[in-house]
1. Please find, among Arg166, Arg96, the residue that is outside any loop (DSSP other than H, G, I, E, B), open to solvent by 50 Å² or more (accessible area, probe 1.4 Å) and either under 22 Å from Arg55 (Cα atoms) or not aliphatic (A, V, I, L, M) (or both).
2. Residues in the range 253-284 that are crowded, with 24+ Cβ neighbours inside 10 Å and either at pLDDT below 90 or under 25 Å from Pro236 (Cβ atoms) (or both): how many?
3. Only residues in the range 262-276 that are among the β-branched types (Val, Ile, Thr) count as the first member; pair them with residues that are assigned to a helix (DSSP H, G or I), Cβ under 6 angstrom, at least 6 apart or cross-chain, and list the lot.
4. When you go through Leu294, Leu365 one by one, which is the residue that is closer than 28 Å to Ser270 by Cα, touching a strand residue (DSSP E or B) at 6+ places or on another chain (Cβ under 7 Å), open to solvent by 40 Å² or more (accessible area, probe 1.4 Å) and at pLDDT below 95?
5. If the Cβ limit is 8 Å and pairs must be 6+ apart or interchain, which residue in the range 111-139 that is touching a residue at least 40 places away in the same chain (Cβ under 8 Å) and among the polar types (S, T, N, Q) pairs with which residue that is open to solvent by 40 Å² or more (accessible area, probe 1.4 Å) and in a loop (DSSP other than H, G, I, E, B)?
6. Restricting to the range 118-134, and then to whatever is open to solvent by less than 50 Å² (accessible area, probe 1.4 Å) and under 17 Å from Gln79 (Cα atoms), can you tell me which residue is farthest from the chain's Cα centre (by Cα)?
7. Which one of the conditions (1) under 24 Å from the mean Cα position of the chain (by Cα); (2) among the hydroxyl-bearing types (Ser, Thr, Tyr); (3) over 18 Å from Glu72 (Cβ atoms) does Thr115 fail to meet, given that it meets all the rest?
8. Since Gly180 meets every condition but one in (1) buried (at least 22 other Cβ atoms within 10 Å of the Cβ); (2) more than 27 Å from Tyr133 (Cα to Cα); (3) modelled with pLDDT of 95 or more; (4) not hydrophobic (A, V, I, L, M, F, W, C), which condition does it not meet?
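The values are calculated or read from the model by the stated rules, or taken from the named source; none is laboratory data. Note that this is a predicted model, so its numbers are computed, not measured. With ideal geometry, Cβ positions are generated from the backbone for all residues, glycine too; neighbour counts draw on all protein chains shown. Ligands, DNA and RNA are stripped out before the accessible areas are found, and what is left, the full protein with its side chains, is counted by its heavy atoms. Shrake-Rupley method; radii C 1.70, N 1.55, O 1.52, S 1.80 Å.
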Amino acid sequence: MTRAAARLIVVLLAVLASLAVAGPASAHVGGGAAGSDFDGRVTAVRPELPGVTVRVLQFGDDLELVNRSGTEVVVPGYQDEPYLRIGPDGVWRNQRSPATYINLDRYGRVTLPGTADPRAEPEWLQLSTEPHYVWHDHRTHWMTPGLLPPAVAADPSRSHTVFEWRVPMRYGNTSAEVDGVLTWTPPPSPWLVWPLYTATALLAAAAGLLARSPRPLGGLMLVGAAAALWHAGATPVPALSVSSHTGAIVAALLPALTAVLVAAIGFRASRRGRGVMTGLFAVVLGWLLLVQGLPDVDVLWSANVLTNGPQAVGRVAVALLLALGAGLVVGGIAAVRRFRDVGVPVTPEGVTGTTDSAHLGGQPLQDG
């Protein structure tokens, strides 16, 4: 590969990295947190409602209801007034319901307009023609900012059930209830995890700063690509109400797939002893890993991880994205400088090979 072609590839991959910046965050519902010590879940829907599914999003902050049946579901507000209608005709919200305005703020810190009256005749506004909706419901999460629940504050070293919650509904003429629970789990000890995060970043930097060959840097690039791919594949499916559901999933996968391509090319360059090329691709890959990991940085100090896979693996993946990302940027820059100064590629056997940029007495250096 000529130098011009190599530089063109690096520039194109950098452009792809820039285009992928917005990808990971768009896969999260509402762009919310990826980690939390709180967690909410639905424990039962009673009675069972055919064609209706309810799930908790964002660790208890939001509820999503999907109604694929032919029967309308009515969700009451906090004073038992009609609040939402979700059914074959789409989603309708009562503009006279106080819940319409209270749910605009996570902690309900709003001033109600004079038209909000739970006893008034409903004034319905259509929000969507699709039978699914996500709304913020204060019955499912902890409502006091800056303060832990009393039981948690008394003993933050163990897990707690904060409270059990219930959201009533009406399915046609049938009364129904969605039951759930909010829990709190202590976060991982910083004395345990932060030394590991730091050591991982230093390892990647050292691979470019100190290693005699680009091979260690190439190997770490594969590890970073694997973390990116797993992280993207385990991203929870976004709410159906996201404006472009398929687009959100594709956007989440784009940085990971680009990272795999960059890592594969960089690893091949490292196997061929091309230190400068390996360093350049390490910098691009490091940027891609940071792009994918930074939106989820709160995972590093949270107990619960927004993932479809095992919690521990989700945390490790984010840690690798951030630590290797930072380390590869530093190590890649160092590798470019070091191997460029040497000017001679290192073969897999560690012997000096022929290069166009290094001469001795006007003649190319030969093996041996």
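1. Arg166
2. Selection size over the range 253-284: 4.
3. Pairs that qualify, where the first residue is among the β-branched types (Val, Ile, Thr) and the partner is assigned to a helix (DSSP H, G or I), are Val262/Leu13; Val262/Phe281; Val262/Val284; Val262/Leu285; Ile265/Phe281; Val276/Val336; Val276/Phe339; Val276/Arg340.
4. Residue meeting the stated conditions: Leu365.
5. Ser128/Ser241; Thr129/Asp89
6. In this case the residue turns out to be Ala120.
7. Condition not satisfied by Thr115: (1).
8. (2) is the only condition that Gly180 fails.
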